[in-house]
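The values are calculated or read from the model by the stated rules, or taken from the named source; none is laboratory data. Nothing here was measured: the structure is a model prediction, and the numbers come from that model. For neighbour counting, all protein chains shown are included, and Cβ atoms are generated from backbone atoms with ideal geometry for every residue, glycine included. SASA here: full protein model, heavy atoms, side chains in, ligands and nucleic acids out. Shrake-Rupley method; radii C 1.70, N 1.55, O 1.52, S 1.80 Å.
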Amino acid sequence: MDKIVIHGGVALRGRIAVSGSKNAALPILMSSLLTTEPVVVHNVPRLRDVHTALGLLEGLGVKIQWIDEHSVQLHAREVIGHEASYELVKTMRASFCVLGPLLARTGRARVSTPGGCAIGARPVNLHINGIRALGARIQLRHGYVEAHAQHLQGARLWLDNPSVGATENIMMAAVRARGHTTIENAAREPEVQDLGRMLMAMGAQIEGVGTHVIEIEGVERLHGAEYHVSPDRIEAGSFMIAAAITGGEVLIENAPAHQLDALSVKLREAGATVTVVDGGIQVTRAGALRPLEVRTLPYPGFPTDLQAQMMALLTQANGTSVITETIFENRFMHAPELMRMGAEIAMKGATAVVRGPTRLSGAPVMATDLRASMGLILAGLAGDNETQVSRVYHLDRGYEALDAKLRGLGAQIERVPE
Ligand code: EPZ
């Protein structure tokens, strides 16, 4: 396996491009199951999770053809499989979102439950309750959800919390159910909106995506479509923090500015200059960083997927910062690794107190998920000497060509065999 080796201390300068959104692309690819006609998806990031999703779809009979580096055609003329195995779902939890479209298309699906993961228990009860409310018979057997439905029936649903995955799974089932579905307390994340736009391009009748109430009128058939995945707001946000932590000046091309307001406000409060320009966001930081209070929340609040990166930044702020994680119960696994590099962080429950500024000294570190890994990369860029980040497979799940992109900004970063 490879590792990333960084020689820190270089202020990043230049332009960096943002790839298509991983978390939008995954359910969009799965929505191809809903039609017998081909769909073409553009701006698909070349990531390990995308290849896992395509492997899952191929196993179900979907014909997959890359048209160019970032465009893929998917044709589910016939669906021959009904199962997403434990091996697959445990590798990538997002595979669970195949349940809704597979059931809607074929009347049956057997999908492994994902189990816990490094950042929290992450149950799937809201997905299951929602699909059951649409009339599916569901049994939990041998670690698998077994779902059957001759036809799904629209229903009025209320989600206990605005889960991104549950909203997406239920939407993909409801678009082909008979009658009307209302999802109340739905997730508003841009990735849910992207999926909604893809489904509408396929002929689905949906209103309210991007609000807490999504209304869906089921249709008998969906047709082929061509769709562009939106840029990845979390990748863009990670690069914005990279500019701020290294005291650099970076234009993040294609960054979806309106989706990054919560981060932009915090970066400005910390002393960076964030300017929305034609074609992206420019981030510059010359003076000292100020401490912050940050609380992760569902969209449009501060994203949990940028919390680790923000923690790395706040180790460099002049004073005491407080970070509260409200989405996942165990998402501070990067903190002890940052502490190995010299950070001063105290944690209690969902709160981390970061005292800065601390000089980060390069060290061998590793992380348990992809955003934590990115936090460590950022710490390495700001640190002295050499930092080695192992378990690079986490980064490969969610950041396309990360080392090459950062090298383009002058970073001394390399990927080497372990
Ligand atoms: C999505 O995960 C993203 N993944 C995550 O990104 C992201 O952190 C998360 O949304 C929150 O924004 C994908 O889109 C593939 P949730 P998801 O269901 O859908 C609880 C990354 O790094 N919950 O909105 O799994 C759950 O435990 C990843 O790219 C239930 O209780 O998140 C959590 O506390 C990590 N029951 C909260 O809801 C359920 O049935 C939000 O989870 C479902 C969720």
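With the convex hull drawn over the C-alpha atoms of region 165-213, the volume per residue is 63 Å³. Straight-line cross-link partners of Lys405 among the lysines, defined as a Cα under 28 Å from its Cα and at least 8 positions apart when in the same chain: Lys3, Lys22, Lys266. Of the GluC sites (Glu not before Pro) in region 232-338, the ones in a loop by DSSP (not H, G, I, E or B) with at most 15 other beta carbons within 10 Å are Glu329. Applying 1/(1 + (r/R0)^6) with R0 = 45 Å to the Cβ-Cβ distance of Val353 and Arg15, what FRET efficiency is obtained, to the nearest 0.05? For R0 = 45 Å, the calculated efficiency reads 0.80.
Rounded, prolate or oblate for region 49-92? Axes are the square roots of the Cα gyration tensor eigenvalues, ordered a ≥ b ≥ c, and the cut-off for rounded is a/c under 1.5. Oblate. Neighbours of Lys63, meaning other residues whose beta-carbon lies under 13 angstrom from its beta-carbon, give a summed charge of -2 when Lys and Arg score +1 and Asp and Glu score -1. Computed per residue of the chain from DSSP H runs no shorter than four, each worth -39500 (n - 2.57), the mean residue ellipticity at 222 nm is -9000 deg cm²/dmol.
Against the chain, whose longest principal axis comes from its Cα atoms, helix 164-174 is set at around 20 degrees.
Each Lys and Arg Cβ is given +1 and each Asp and Glu Cβ -1; about its Cα centre, the chain then shows a dipole of about 640 debye.
Binning at 5 angstrom from zero up to the longest distance, how are the C-alpha pair distances of region 22-228 distributed in percent? Spelled out per bin, shortest first, that is 1, 8, 18, 22, 23, 17, 9, 2, 0. Other residues lying with their Cβ under 15 Å from the Cβ of Leu134 contribute a combined charge of +3, Lys and Arg counting +1, Asp and Glu -1. Around Leu47, under 9 Å between beta carbons, what's the net of Lys plus Arg minus Asp minus Glu among the other residues? After counting each charged neighbour, the total is +1.
Ordered by solvent-accessible area of protein heavy atoms (1.4 Å probe), largest first, the residues Phe328, Phe302 come out as Phe328, Phe302.
For the residues Thr211, Thr304, a 1.4 Å probe over the protein chains yields an accessible-area ranking, largest first, of Thr211, Thr304. If I take all pairs of Cα atoms in region 237-316, what percentage of them are more than 19 Å from each other? Here the long-distance tail beyond 19 Å is 27 percent of all Cα pairs in region 237-316. Using a simple spin-label model with pseudo-atoms 7 Å out from Cα toward Cβ, Lys90 and His148 lie 2.8 nm apart.
On a 0 to 90° scale, report how tilted helix 261-270 is relative to the longest principal axis of the chain, with both axes built from alpha carbons and the result rounded to the nearest 10. Taking the Cα atoms of the chain, the angle to 261-270 is about 10 degrees. Protein heavy-atom surface of the chain, 1.4 angstrom probe: 48% of the accessible area is carbon and sulfur, with nucleic acids and ligands not counted.
A Stokes-Einstein calculation at 37 °C with viscosity 0.692 mPa s, built on the Kirkwood radius of region 1-118 over Cα pairs, returns a diffusion coefficient of 209 µm²/s. Our estimate of slack between Thr211 and Glu344, defined as 0.36 nm per intervening residue step minus the Cα-Cα distance, is 44.0 nm. How much of the calculated P(r) for region 243-383 lies past 23 Å, in percent of all Cα pairs? Of all Cα-Cα pairs in region 243-383, 28 percent lie more than 23 Å apart. Along the axis of the charge dipole computed for region 308-410 (Cβ charges of +1 for Lys and Arg, -1 for Asp and Glu, origin at the Cα centre), the listed residues Ser361, Thr320, His394 are led at the positive end by Thr320. Among Val62, Val10, Leu34, whose Cα projects farthest towards the positive end of the dipole of region 10-92, with charges put on the beta-carbon of Lys, Arg (+1) and Asp, Glu (-1)? Checked the options; the winner is Val10. A 1.4 Å probe over all protein chains sorts Leu88, Leu267 by accessible area into Leu88, Leu267, starting with the largest.
Just check region 60-129 against the gyration tensor rule for me: Cα atoms, a ≥ b ≥ c as the square roots of the eigenvalues, rounded for a/c under 1.5, and otherwise prolate or oblate depending on whether a/b exceeds b/c. Judged from the Cα gyration tensor, region 60-129 comes out oblate (a/c at least 1.5, b/c at or above a/b).
Rolling a 1.4 angstrom probe over the protein heavy atoms with all chains in place gives the chain an accessible area of 38 Å² per residue.
For Arg108 and Glu293, the FRET efficiency from 1/(1 + (r/R0)^6), where r spans their Cβ atoms and R0 equals 51 Å, is about 0.55.
For the chain, the longest principal axis of the alpha carbon atoms and the long axis of helix 370-382 meet at an angle near 20°. The simple spin-label model puts a point 7 Å past each Cα toward its Cβ; for Thr273 and Val416 those points are separated by 3.7 nm. Ratio of alpha-carbon Rg to the 2.2 N^0.38 Å globular estimate for the chain, to two decimals, please. Here the answer is 0.98, to two decimals. Dividing the radius of gyration of the alpha carbons in region 152-248 by their Kirkwood radius gives 1.11 for Rg/Rh. Our estimate of slack between Thr368 and Glu386, defined as 0.36 nm per intervening residue step minus the Cα-Cα distance, is 4.4 nm.
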